[in-house]
1. Would you confirm, using the coordinates I've provided, whether Ile113 is among the aliphatic types (A, V, I, L, M), out of contact with any Ser or Thr (no Cβ under 9 Å at 6 or more places or on another chain), surrounded by fewer than 20 Cβ atoms within 10 Å (Cβ to Cβ) and over 28 Å from Leu167 (Cβ atoms)?
2. Exactly one condition in (1) farther than 21 Å from Ile134 by Cα; (2) out of contact with any helix residue (DSSP H, G or I) (no Cβ under 7 Å at 6 or more places or on another chain); (3) in contact (Cβ under 8 Å) with a residue 60 or more places away in the chain; (4) surrounded by 17 or more Cβ atoms within 10 Å (Cβ to Cβ) is false for Tyr55; which is it?
3. So Arg150 fits all but one of (1) at pLDDT below 95; (2) under 18 Å from the mean Cα position of the chain (by Cα); (3) closer than 23 Å to Met173 by Cβ; (4) buried (at least 16 other Cβ atoms within 10 Å of the Cβ); what number is the exception?
4. Sort through Gly35, Gly13, Gly42, Gly54 and tell me the only one that's more than 22 Å from Val165 (Cα to Cα) and at pLDDT 95 or above.
5. Please find, within region 7-52, the residue that is farthest from Thr98 (Cα to Cα) out of those that are of a type in the set (Ser, Thr, Tyr) and crowded, with 21+ Cβ neighbours inside 10 Å.
6. Could you check, for region 142-157, whether at least one of its residues is out of contact with any strand residue (DSSP E or B) (no Cβ under 9 Å at 6 or more places or on another chain) and within 30 Å of Asn87 (Cα to Cα)?
7. List the residue pairs whose Cβ atoms are under 8 Å apart, where the first residue sits in region 158-185 and is of a type in the set (Gly, Ala, Ser), the second is part of a loop (DSSP other than H, G, I, E, B), and the two are 6 or more positions apart or on different chains.
8. Going through Leu102, Leu29 one at a time, which residue ends up being under 28 Å from Phe154 (Cβ atoms) and touching a residue at least 40 places away in the same chain (Cβ under 8 Å)?
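The values are calculated or read from the model by the stated rules, or taken from the named source; none is laboratory data. Keep in mind the model is a prediction, meaning the values are calculated, not measured. Note: ideal-geometry Cβ built from the backbone for every residue, glycine included; neighbour counts use all protein chains shown.
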Amino acid sequence: MTELEQNIKSYFGVFQKEDLKTVSSLFQLETIKKGDYFLKTGNQCNKLSFIKSGYLRIYKTTEDKEVTQWISTPSYFVTDLSSLLFNEPARWTIQALTDTVLYTINRTDYEKIGSLVPQWHELEKLFIGKCFAILEDRIFSHLSMTAEERYEHFFENNKELFNQVPLQYIASMLGMTPETFSRVRKKQLL
């Protein structure tokens with residue numbers, strides 16, 4: 001089983017072997033250079049990608065700042081889900097923080113899966129449910145944890161990011177100003 005097949009199975013659930021091969025065959029290898037865009041706000045998101053290597057930042061620019069929604073890491077999927085599923089303009093800009101290698105399926109092939117794999121609609125529901133659960137966990141941590149607790153929790157689960165991406169992006173993702181993040185980080189390092 002390929003790395004892509006393993007990750008599709010872990011995100012979407014139990015696949016028949018042939019169905020898994022069918023779905024994985026629809027993904028194409030894609031490379032994005034550091035600084036290039038996967039997607040820009042206002043454009044249509046016409047793809048879903050699995051990150052083989054590299055880091056992508058999902059963010060939105062407001063009048064006075066950029067707000068990082070998420071930093072996508074290897075072994076995760078990335079897209080603007082609302083844009084992909086509902087054909088709306090993208091809310092997020094997604095930019096490569098490093099050279100990034102992706103397995104990408106375009107919207108047309110994604111929409112074909114339902115006719116190729118009989119259980120697809122059930123599997124897709126599980127995938128979207130996982131996305132929703134991750135979002136709920138993030139909201140709960142922002143509402144229930146102090147800045148120090150959010151930092152510590154994130155650091156324990158994502159140590160590699162602290163040497164790979166600019167710290168102001170992590171601060172923004174955790175709902176902190178760079179100054180608060182720096183103060184909290186200094187305390188943790190003591």
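1. When the stated conditions are applied, Ile113 does not pass them.
2. Among (1) farther than 21 Å from Ile134 by Cα; (2) out of contact with any helix residue (DSSP H, G or I) (no Cβ under 7 Å at 6 or more places or on another chain); (3) in contact (Cβ under 8 Å) with a residue 60 or more places away in the chain; (4) surrounded by 17 or more Cβ atoms within 10 Å (Cβ to Cβ), the lone unmet condition for Tyr55 is (1).
3. (2) is the only condition that Arg150 fails.
4. Values: Gly35 fails: more than 22 Å from Val165 (Cα to Cα); Gly13 fails: at pLDDT 95 or above; Gly54 fails: more than 22 Å from Val165 (Cα to Cα).
Of Gly35, Gly13, Gly42, Gly54, the one residue that is more than 22 Å from Val165 (Cα to Cα) and at pLDDT 95 or above is Gly42.
5. If we take residues in region 7-52 being of a type in the set (Ser, Thr, Tyr) and crowded, with 21+ Cβ neighbours inside 10 Å, then Ser24 is farthest from Thr98 (Cα to Cα).
6. Yes, that holds for at least one residue.
7. If the second residue must be part of a loop (DSSP other than H, G, I, E, B), the pairs left are Ala171/Thr177; Ser172/Lys65.
8. On the way: Leu29 fails: under 28 Å from Phe154 (Cβ atoms).
Testing whether each residue is under 28 Å from Phe154 (Cβ atoms) and touching a residue at least 40 places away in the same chain (Cβ under 8 Å) leaves just Leu102.
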